[in-house]
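Structure, as structure tokens:
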Amino acid sequence: MRRVVWLVLVLAWLGGGAYAACAQALPEAPQPGAKRHVRVGVYVAPPFLEKTNTGHYHGMALALWHDIAEDMGLTYDVREFELEDLLRAIEKGDVDVGVSALSITPERESAMDFSQPFYYTGLGIAVPARNALDRIETTLGRVFSEKVLAYVGSLLVLLFVVGALVWAVERRRNPGHFRPGRKGLGDGLWWSAVTMTSVGYGDATPKTLLGRSVALVWMFVSVALLASFTAGITSLLTVESLGSSVRDPDDLKRVRVGVVRDASAAEEFTATHIGYRTYETLEDGLRALESGTLDAFVHDRPILLYCQAHENSGRIQVLPGFFDPQLYGFAFPRGSTLRKAVNIALLRRMEDYAYRRRVFGPYLGKAGIH
């Protein structure tokens, strides 16, 4: 009996020690009302994240994160990095989440985890904004271009030569229709023009055999000549119009297009063998576009939409659609315990179109809300 009692006491002592050890290993229970604090890494990339002169951060990615943090009961502080430094900080776990214009790529996905995408976009095309007056000026410029004027001038010279030939033949035998002197030359020019256009008013008509022979030849020649002239002018105006208009990415192969040096647009055009001009900054490229040096400028579409809605309002126009798709999300260290909960809160927020309009609209305008 004593052995049984001692065995029970020993087992109780061992069980109490194991419980105490486990209790020490477990984290302390959170106090009521306590919130988890999160370290947020950012880099400035308008419109996803901006920084005011007073050091205040804002932007559509940070606004979205702020609301998600409130939904999850998180507090956070913000640390600013350059892009490459931010990616290293996320990979090492120096920050809990990266919030900015972080596109989801295979290389980044292999080094860190990403949330569900909160914005789907790609490369956009900006062209000069044109009002009604600009379009009128453009049309007149095409009509009175050097090539068109050269066509018209050549035709006038030919009309004058034919008219002068008929006048020289008819002026003595038919002075009523082809008067002597400079007035007669005008009569000849008039006759050759109305004959070419098949109007034939009859106010000037050759009467001699030689004059009528010249007229007969001119009638047949002018039919083919007028058709050729019309086709040439039409083709020239069409080429002029196509050469200065951009409607989609296929048009970029035949216009003057600019990109920011070392940006993703430059990589895309190099891979697809499209010629381009490089600029050190986005501002330099957009100034070249506004001045007429470029026909199009290609960059990340949300950034172009931001410029269209703010700094370059009324001076550039971003075309609908995009190419070379990109997904943007929040970045986490591998195995982050935040990611699952953030995804749930993010998806709930993004289901609401009115919410997306409220977060993205002030930065991108209506065209940037998906």
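The values are calculated or read from the model by the stated rules, or taken from the named source; none is laboratory data. Because the structure is a prediction, the values reported are computed rather than measured. Here the Cβ is made from the backbone with ideal geometry for all residues, glycine too, and neighbour counts use every protein chain on show.
How many of the residues making up the range 267-300 are farther than 18 Å from Leu319 by Cβ and crowded, with 16+ Cβ neighbours inside 10 Å?
Total satisfying the criteria: 2.
Within the range 233-248, is even one residue over 30 Å from Ile316 (Cα atoms) and either in a helix (DSSP H, G or I) or not assigned by TED's automatic domain parsing to the domain that holds Glu170 (or both)? Talk me through it step by step, then tell me what you get.
To start, the set of residues in the range 233-248 that are over 30 Å from Ile316 (Cα atoms) comprises 233.
Applying the additional criterion that residues be either in a helix (DSSP H, G or I) or not assigned by TED's automatic domain parsing to the domain that holds Glu170 (or both) yields 233.
Yes; the residues of the range 233-248 include at least one that is over 30 Å from Ile316 (Cα atoms) and either in a helix (DSSP H, G or I) or not assigned by TED's automatic domain parsing to the domain that holds Glu170 (or both).
Please pick out the residue among Ala193, Ala204 that is assigned to a helix (DSSP H, G or I) and either modelled with pLDDT under 85 or crowded, with 16+ Cβ neighbours inside 10 Å (or both). Show your work before the answer.
Details: Ala204 fails: assigned to a helix (DSSP H, G or I).
Among Ala193, Ala204, only Ala193 is assigned to a helix (DSSP H, G or I) and either modelled with pLDDT under 85 or crowded, with 16+ Cβ neighbours inside 10 Å (or both).
Evaluate the following for Leu364: is it buried (at least 17 other Cβ atoms within 10 Å of the Cβ), at pLDDT below 90 and either in contact with a Cys (Cβ under 8 Å, 6 or more places away or on another chain) or not hydroxyl-bearing (Ser, Thr, Tyr) (or both)? First the steps, then the outcome.
Numbers: buried (at least 17 other Cβ atoms within 10 Å of the Cβ): yes; at pLDDT below 90: yes; either in contact with a Cys (Cβ under 8 Å, 6 or more places away or on another chain) or not hydroxyl-bearing (Ser, Thr, Tyr) (or both): yes.
Yes, satisfied.
Strands (runs of 3 or more DSSP E) wholly in the range 256-370 with at least 3 residues that are in contact (Cβ under 8 Å) with a residue 40 or more places away in the chain - which ones? Can you show your working first?
Working: elements: 257-260, 277-279, 296-300, 316-318, 323-328.
The strands (runs of 3 or more DSSP E) meeting that bar are 257-260, 296-300, 316-318, 323-328.
I'd like the full set of residues that are among the aliphatic types (A, V, I, L, M) and either under 17 Å from His310 (Cβ atoms) or modelled with pLDDT of 95 or more (or both), limited to the range 280-295.
To start, the set of residues in the range 280-295 that are among the aliphatic types (A, V, I, L, M) comprises 282, 286, 288-289, 294.
Hits for the range 280-295 are Leu282, Leu286, Leu289.
Could you grab the pairs with beta carbons closer than 7 Å, sequence gap of 6+ or different chains, first residue in the range 84-113 and closer than 16 Å to Leu338 by Cβ, second one in a helix (DSSP H, G or I) and among the aliphatic types (A, V, I, L, M)?
Correct list of pairs: Glu91/Ala111; Val95/Ala89; Gly98/Leu86; Gly98/Ile90; Val99/Ala61; Val99/Leu62; Met112/Ile90.
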